[in-house]
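Working notes, structure below.
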Amino acid sequence: MVLLKGSGGELIVSHLPLFHRPHDYQIIYRVEASNNQLRQLDFLSAEQDDLITLVPNKFDLMRLINKEQFNITVDVFRGHFERGGTKLFQTNITFKSPLFIRKINAFTGKDKPTSPLSKEQFKKVTINNNQELWVHLIDRQPSFDALVFNKKVERNKKPFGNHSSEKDTTACTGDGLITRINISKLLVNCFKQAPSYIEVNDFK
């Protein structure tokens, strides 16, 4: 899991999804920590070496899919835990409440969308009164996982440049290669904010 921190200090975890079972779910949960160690960490950027990732003790992912609340012990890493990350410490967290749960239904063959960067490929999740988290909906291969914090937009305001509808993410449309650099530039252009998390390699 990758750990994020909201503008109000909220601790949020996102399951690192894959196309295959049992990890074919996008799951974002609000969590609470048993001590202040997690809150005191620096959340630097979406770069692999800067991430904070968590490795929980073994548990059934269906507990999160079923929106359960429970405590668990996690190992905390600076960097991606499978790609050279450094273990910092072990602590306990509580999976408090689900923010977003979605099964990945990967398209194949003729069913593939024309582009994974097309409009309405992002879902808005409310974090607090001032902040939203936008989640890229993974539906095809190749694809990518991306999370972008954004200032909450007041009703009837324009969230995407000159576009008037909250559902219209046309400003995010791109037809280039799915690379980390291309996606990062695209999201900065779309949300006027650097992404907090990007993963491409697991979705090639």
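Computed from the coordinates by the stated procedures, all read-outs in this text should not be read as laboratory data. Here the structure is a predicted model, which means the values were calculated and not measured. As a convention, Cβ positions derive from the backbone with ideal geometry for all residues, glycine included, and neighbour counts pool all protein chains shown.
Measure up LYS96/LYS185; LYS124/LYS185; LYS103/LYS151 against 30 Å on the Cα-Cα distance and list the ones that go over. Beyond 30 Å between Cα atoms: LYS96/LYS185. Summarising the amide proton neighbourhood of ILE127: residues at separation of 5 or more, or on other chains, whose placed amide H is nearer than 5 Å comprise GLU132, LEU133. Given a Förster distance of 22 Å, report the FRET efficiency between LYS192 and ASP42 from their Cβ-Cβ distance, rounded to the nearest 0.05. The value I calculate is 0.45.
With the highest mean first, a sort of the peptides 73-81, 93-101, 16-24 on other beta-carbon atoms found within 10 angstrom per residue produces 73-81, 93-101, 16-24. Here the spin labels are modelled as points 7 Å beyond Cα on the Cα-Cβ line, and at ARG83 and ASN129 they lie 3.8 nm apart.
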